[in-house]
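Presented below is the structure to which this report refers.
The values are calculated or read from the model by the stated rules, or taken from the named source; none is laboratory data. No experiment lies behind these values; they were computed from the predicted model shown. Here Cβ is always computed from backbone atoms with ideal geometry, including for glycine, and neighbour counts include all displayed protein chains. Heads up: the accessible areas ignore ligands, DNA and RNA and are worked out on the full protein's heavy atoms, side chains in. Shrake-Rupley method; radii C 1.70, N 1.55, O 1.52, S 1.80 Å.
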Number of protein chains: 2
Amino acid sequence: MYLPLVLAAAVAVNAPAPRQASESTRGLMPVPARVSWGEGRLRLDSLFGVTIHGRAGDTRLDRAVARFRTRLGARTGFGSREGGPGLSVESAAPGEAIQSPAEDERYTLEVTAAGARLEAPTTVGVLRGLETILQLVEADSSGWYLPATRIEDAPRFPWRGLLIDVGRHFEPAEVIKRQLDGMAAVKLNVLHWHLSEDQGFRVESKRYPLLHGKGSDGQFYTQAQIREIVAYARDRGIRVVPEFDIPGHSSAWFVGYPQYASAPGPYRIERRFGVFDPAFDPTREVVYTFLDGFVAEMAGLFPDRYWHIGGDEVAPKQWRENRRIRSFMKTKGFPDNEALQAYFNRRMSAILTKHGKRMVGWDEILHPGLPTTTVVQSWRGQESLLEGARKGFSGILSAGYYLDHMRTSEQHYLIDPLPEGHPFTTEQAARVLGGEACMWHEHVTEASIDSRIWPRMAAIAERFWSPREVRDVADMYRRLNIMRIRLEELGLNHESHTPRMARLLASGQNVDQLVSFLGLVEPVSFGERVSRQKLTSLTPLVFAVDAARPDPPAHWATREMAMKALAGDAEARARLREAFTVWPTLSPALDALAFGAPLVRDTRPAARVLIQVSAIGLEALDQLGRGPASAEWIRMRSATLDSLAKPQGLLRISVIPAVKLLVRGAGGPVP
Amino acid sequence: MYLPLVLAAAVAVNAPAPRQASESTRGLMPVPARVSWGEGRLRLDSLFGVTIHGRAGDTRLDRAVARFRTRLGARTGFGSREGGPGLSVESAAPGEAIQSPAEDERYTLEVTAAGARLEAPTTVGVLRGLETILQLVEADSSGWYLPATRIEDAPRFPWRGLLIDVGRHFEPAEVIKRQLDGMAAVKLNVLHWHLSEDQGFRVESKRYPLLHGKGSDGQFYTQAQIREIVAYARDRGIRVVPEFDIPGHSSAWFVGYPQYASAPGPYRIERRFGVFDPAFDPTREVVYTFLDGFVAEMAGLFPDRYWHIGGDEVAPKQWRENRRIRSFMKTKGFPDNEALQAYFNRRMSAILTKHGKRMVGWDEILHPGLPTTTVVQSWRGQESLLEGARKGFSGILSAGYYLDHMRTSEQHYLIDPLPEGHPFTTEQAARVLGGEACMWHEHVTEASIDSRIWPRMAAIAERFWSPREVRDVADMYRRLNIMRIRLEELGLNHESHTPRMARLLASGQNVDQLVSFLGLVEPVSFGERVSRQKLTSLTPLVFAVDAARPDPPAHWATREMAMKALAGDAEARARLREAFTVWPTLSPALDALAFGAPLVRDTRPAARVLIQVSAIGLEALDQLGRGPASAEWIRMRSATLDSLAKPQGLLRISVIPAVKLLVRGAGGPVP
């Protein structure tokens, strides 16, 4: 049993609370296109009213304002009034009946001590502005207020998306809904819903009921749920682009319908992860008839004008070994499988056009003969985005935004679809529609998804919305630390995740040390985990690596502390010294815990390495006190840290960059 | 920004980890009727198999075993095999088609080093036994195992329930489902679903669509959801008893159907809480025709043989002021409203009988003329349970189990429906079917429900299941500390609740001190809050009191530490001294936090009182070092503590009983 007295103020090092008002970007994320701050504060109290002007009967606007008022109430503890002085909201038009990348998302917000006024050409613009207002709410000793400001805002890119793969592991409808809430909060506008995979087909089909009936283990969305989620997304100004990956990644289709594959079958739901042989047979007309019927049915569920066919990673085996397919290729003069896939894609493109859809596909589909209405999603690198744009295709960048690579917010944030000095012409640059972060689901479940997407997604969302020049990493992390708590208001559990899993890992024992430890490490990347742990889609994901989170707050906080220490801040030095003294005690504590909690054992290699990292940190602090260290000392310690930065089991120490900064800084002036 | 280094081992006082194996009750909750421990351990590893014997085709059994295997996998990190050596499960019969209080819930479990065998007369018994197995899972340095044991188990009472009021605040379907998972884990078998109230009517009616259409603010369960939840409950051996409260507490019915009320209307959904005037008109036949049609429709949704009519707190006004009703009463010779309500209840009883239902009602319905098939639920005191039993009615005890009274697990635990030396005859005692805890929802929402029900419900569940003699409070708390983590495995968020709400309250500032403080206090009771804070059903429940939890772990942990200190344990004394030194620092810390976080201000009165409590604690520790204190000193300090134990705003200090124990103990030998 555990007696939670209180953290020792002396040891839990707290950087000062975020001083929102002292920064020009305050708590805003993404940073608006143009902001100017005024004098004065608009007080928020129980008399604060919200009035909608014009657009009576736009029920989406009404619902948005109702949600805004509920969220404001949850923040402040008092409701707002319907009507009366306070905030005036005006939407000039309801926006597109089916939202497209051309939707106008601009808004203007003016706050003075006397009142606030939000105006937008469309209700979607109002949605964006309401989120900005919620980010402006601050408090002082007199209570809640909005600072006086004038904001004119518009997105940099029209396509700002998040891919969620529900094929490899299913995500219940309510999990998708709370991601949509989070997305809306950071002004994203596309949910790219990866709905079929070798491991599962996730949508109810009334026309081909064996798709979900045999291909989903019973884990699929009913058509009613799909409609509900699409409507939920639209209410938040978010498009839903479905992806049904073909011709590869398609084992789950063939469990019920083996006749459309390129080899006889039978097929089973795939439990392993990787690239598998099953592929649609592009040579038979029945396949296109089937897919035409499928698109016809699904087009009734997914109103978006875009439809993602996947098209990635088609294994060559089934096509190569099928005599009829080989002979078809010969007849058509197709030199290789790529040409055959290009043929398949052209056929699919025609089917989609017939149903009013524009085709989107992964960059493998970049073959000649496709109409330039096709959108190419670049996952293999920024080069394919450029190549597509040169050929006249619109493109979306995903390379660099793979959330399962477990990179830091900073790393994702600094990747720009159109960086300064990019090689695109003006015309080509206009074809870069934006970007999408990808949440692939080999190692993600309902339990961990929030902690994998958030808060990093907020940093990426800023890259897609804000001007290119907004790229101050320290300020991004400052605001991310505000945003990650605000995102919890929406029911996202990224902050609760690690302590909760720690309690489960520790089987009811005290978890303070385990939680502290897990706050200092991060999961290895997708690729590193694949090479170290044998997993199937049935393996329970309940390991220490699943409890850790990518880019834990300690990563940046320790780096910031190290920068202060190098700048001569005595308190920062003292706190780091304390940290480097306490961290080594975690290893024996975790050893003790692991006796009755076998799953804690996975923490041991990293906990031991933390001892070494701490020792180098202490040495570096000593050096700082003594004057410049020798180049040799710096080289040696840096090399050691580099080797300690490698994966330790399935974990990686996240505070090594901070210690490395100290070591390098011990050589002289801060870089 | 916050740098989470590590808790100071010196200050975060940890009692030793629960040593499950050293106690005869291990981690079992509720304690089985008969347990004997053997020698040896049955190892659990990836080769462990689960085999179902007999009852092929009982899909409820199949699903139960599948869930068991998933949960075992989530605990251990490896899946179990389907079939093969390991656990053998045998159910002799599927159990009642519609579960009743007569359902056989017995099971026998035998574990040896060679294997485990679970046998039960019904699948419901198997369900109970599978939960026991999951509570037996332990670990040592060689990994996971089940200890050798023989358990013969059966419930003490056949009716073990939890009432959830979704009328005053709605709870989404998934929230109800996770309560059902928690209930199954502690062997409860009745969800008493309070589905209508003045503040909302929560079920879709196709026959009378204005019920949910006008009476719910859109917050209701569709019939599909009701069916899904009833099936979900049945899968877990839990009956669902619907309550539609009539003739009072019925404003929401009359928003759509004012013609059935005793005054003309119109009616609105009630936003205040309390007892309100609207009541069904018992004098008109159309009312019974309507209710008959309603029961007919709902009987198709709720298969249970019992139907709860509420019947509590009927306000006299509408009946008194309606001339026609007064004249009806005169004609019938009814002397008062009670007699009129008795008439209404007899009519309802007949309607329910016609639809195959037995009537349940609150103890107000105890009037002459009701068939003794009626079940009386005692909420006003144990006396009404006895009165009912004397008159031949079966009864359920709820007095003493009101979760919104914010009492401790201990207080609820020690209330027994049939305590030793009770005044019931054997025949009368047999009419006591069991008990139900009540989760009324004036001050409870989707966000806080788990923290209000769990883990206290587990202690109450033990009272309903285990032999009367199981009442060792210290052992109960020891096991509750294991159980509260296990309950998290089911998705319940009672443990995450306080830190999560603290983060929101603190608006992104560091929350360590706030979380520590909230761990030392508890919410005031329902009645105390009502008298101190003006609330409606629309008020956001986002206050410090909503972040605190009833009976926080610190309550018992500090008491235990105090008992050790009194017994001479030097370490316990040192740790308490540390606690009493750190607690006073919370007040200024919270003051600082509150500057930018207005909702934190509510913590101030209690934080200041904590300073005084700590000072008395330190004095008591000093006294312990000096030998017996004077009776006068003890009297004075105890009186001060009693006054400090009163509500401070909406909070109450939960560690005062521990300090009082120290003060009393300072006078001499431990009581």
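Among the residues of segment A:466-496, the one identified as surrounded by 20 or more Cβ atoms within 10 Å (Cβ to Cβ), free of Cβ contacts under 8 Å to residues at least 60 places away in the same chain and more than 9 Å from chain B (Cβ to nearest Cβ) is A:His494. In segment A:532-556, the residue that is nearest to the other protein chains (Cβ to nearest Cβ) out of those that are open to solvent by 20 Å² or more (accessible area, probe 1.4 Å) and part of a helix (DSSP H, G or I) is A:Pro553. Scanning segment B:160-170 turns up one or more residues that are assigned to a strand (DSSP E or B), among the acidic types (Asp, Glu) and within 26 Å of the chain's Cα centre (by Cα). Restricted to segment A:503-518, and to residues that are out of contact with any Phe, Trp or Tyr (no Cβ under 9 Å at 6 or more places or on another chain) and open to solvent by less than 20 Å² (accessible area, probe 1.4 Å), which residue is nearest to the other protein chains (Cβ to nearest Cβ)? Among residues in segment A:503-518 that are out of contact with any Phe, Trp or Tyr (no Cβ under 9 Å at 6 or more places or on another chain) and open to solvent by less than 20 Å² (accessible area, probe 1.4 Å), the one nearest to the other protein chains (Cβ to nearest Cβ) is A:Gly508. Restricted to segment B:266-284, and to residues there that are of a type in the set (A, V, I, L, M) and closer than 19 Å to B:Gln341 by Cβ, the residue that is least open to solvent (accessible area, probe 1.4 Å) is B:Ala279. A single member of B:Pro101, B:Pro94 is more than 24 Å from A:Gly596 (Cβ to Cβ), in a loop (DSSP other than H, G, I, E, B) and out of contact with any Asp or Glu (no Cβ under 9 Å at 6 or more places or on another chain), and it is B:Pro101. Within segment B:168-182, residues that are without any contact (Cβ under 8 Å) to a residue 40 or more places away in the chain sit with their Cβ atoms under 7 Å from residues that are surrounded by fewer than 18 Cβ atoms within 10 Å (Cβ to Cβ) and part of a helix (DSSP H, G or I), at 6+ positions apart or across chains, in these pairs: B:Glu174/A:Glu174. Flag not set for A:Gln179, criterion: assigned to a helix (DSSP H, G or I), farther than 24 Å from A:Arg202 by Cα and not basic (Lys, Arg). Among the residues here, A:Gly218 qualifies as within 27 Å of A:Thr536 (Cα to Cα), surrounded by fewer than 20 Cβ atoms within 10 Å (Cβ to Cβ), at pLDDT 95 or above and of a type in the set (Gly, Ala, Ser). Number of residues in segment B:368-385 that are of a type outside the set (Asp, Glu) and surrounded by fewer than 18 Cβ atoms within 10 Å (Cβ to Cβ): the value is 7.
With respect to A:Ala631, is the statement that it is open to solvent by 50 Å² or more (accessible area, probe 1.4 Å) and at pLDDT below 95 true? So A:Ala631 fits the description; yes. Inside segment A:43-67, residues that are away from chain B (no Cβ under 11 Å), buried (at least 21 other Cβ atoms within 10 Å of the Cβ) and within 19 Å of A:Thr149 (Cα to Cα) make up a count of 2.
Looking only at segment B:97-119, residues that are without any contact (Cβ under 8 Å) to a residue 40 or more places away in the chain and either open to solvent by less than 10 Å² (accessible area, probe 1.4 Å) or among the polar types (S, T, N, Q) (or both) come to 1 in all. Reported count of residues in segment A:186-232, each being of a type in the set (A, V, I, L, M) and assigned to a helix (DSSP H, G or I), is 7. Flag: B:Thr353 matches the condition of being part of a helix (DSSP H, G or I) and free of Cβ contacts under 8 Å to residues at least 24 places away in the same chain.
None of A:Thr70, A:Thr132 is among the polar types (S, T, N, Q), in a helix (DSSP H, G or I) and touching a strand residue (DSSP E or B) at 6+ places or on another chain (Cβ under 9 Å) except A:Thr132. A single entry from B:Arg601, B:Arg559 fulfils the requirement of being among the charged types (D, E, K, R), in a helix (DSSP H, G or I) and surrounded by fewer than 20 Cβ atoms within 10 Å (Cβ to Cβ): B:Arg601.
Going through segment A:222-255 one residue at a time, which ones are open to solvent by 10 Å² or more (accessible area, probe 1.4 Å) and over 30 Å from A:Arg67 (Cα atoms)? Within segment A:222-255, A:Val255 is the sole residue that qualifies.
Yes/no per residue for (1) buried (at least 17 other Cβ atoms within 10 Å of the Cβ); (2) out of contact with any Phe, Trp or Tyr (no Cβ under 8 Å at 6 or more places or on another chain):
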position: B:Ala565; (1), (2): yes, yes
position: B:Phe580; (1), (2): yes, yes
position: B:Leu586; (1), (2): yes, no
position: B:Ala592; (1), (2): no, yes
position: B:Leu650; (1), (2): yes, no
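Residues in segment B:383-429 that are acidic (Asp, Glu), over 20 Å from B:Pro467 (Cβ atoms) and at pLDDT 95 or above: B:Asp404, B:Glu427.
Exactly one residue among B:Glu446, B:Glu442 is open to solvent by 10 Å² or more (accessible area, probe 1.4 Å), charged (D, E, K, R) and within 14 Å of another protein chain (Cβ to nearest Cβ), and that residue is B:Glu446.
Restricting attention to segment B:561-574, the residues being in contact (Cβ under 8 Å) with a residue 60 or more places away in the chain and either over 27 Å from B:Pro605 (Cβ atoms) or more than 7 Å from chain A (Cβ to nearest Cβ) (or both) number 5.
A:Lys646 satisfies every condition listed in (1) assigned to a loop (DSSP other than H, G, I, E, B); (2) open to solvent by 40 Å² or more (accessible area, probe 1.4 Å); (3) farther than 20 Å from A:Gln411 by Cβ except (3).
A search for C-beta distances below 8 Å between a residue of segment A:413-425 that is in contact (Cβ under 8 Å) with a residue 12 or more places away in the chain and any residue that is in a loop (DSSP other than H, G, I, E, B) and surrounded by fewer than 15 Cβ atoms within 10 Å (Cβ to Cβ), counting only pairs 6+ apart in sequence or on different chains, returns A:Asp416/A:Arg468; A:Leu418/A:Arg468; A:Pro419/A:Arg468; A:Glu420/A:Arg468. For segment A:233-275, the set of residues classified as out of contact with any Pro (no Cβ under 9 Å at 6 or more places or on another chain) and assigned to a strand (DSSP E or B) consists of A:Val241, A:Pro242, A:Glu243, A:Phe244, A:Asp245, A:Ile246, listed by residue number. Scanning segment A:586-598 for residues that are part of a helix (DSSP H, G or I), touching a residue at least 24 places away in the same chain (Cβ under 8 Å) and either facing another protein chain (nearest Cβ under 9 Å) or not aliphatic (A, V, I, L, M) (or both) turns up A:Leu586, A:Ser587, A:Ala589, A:Leu593.
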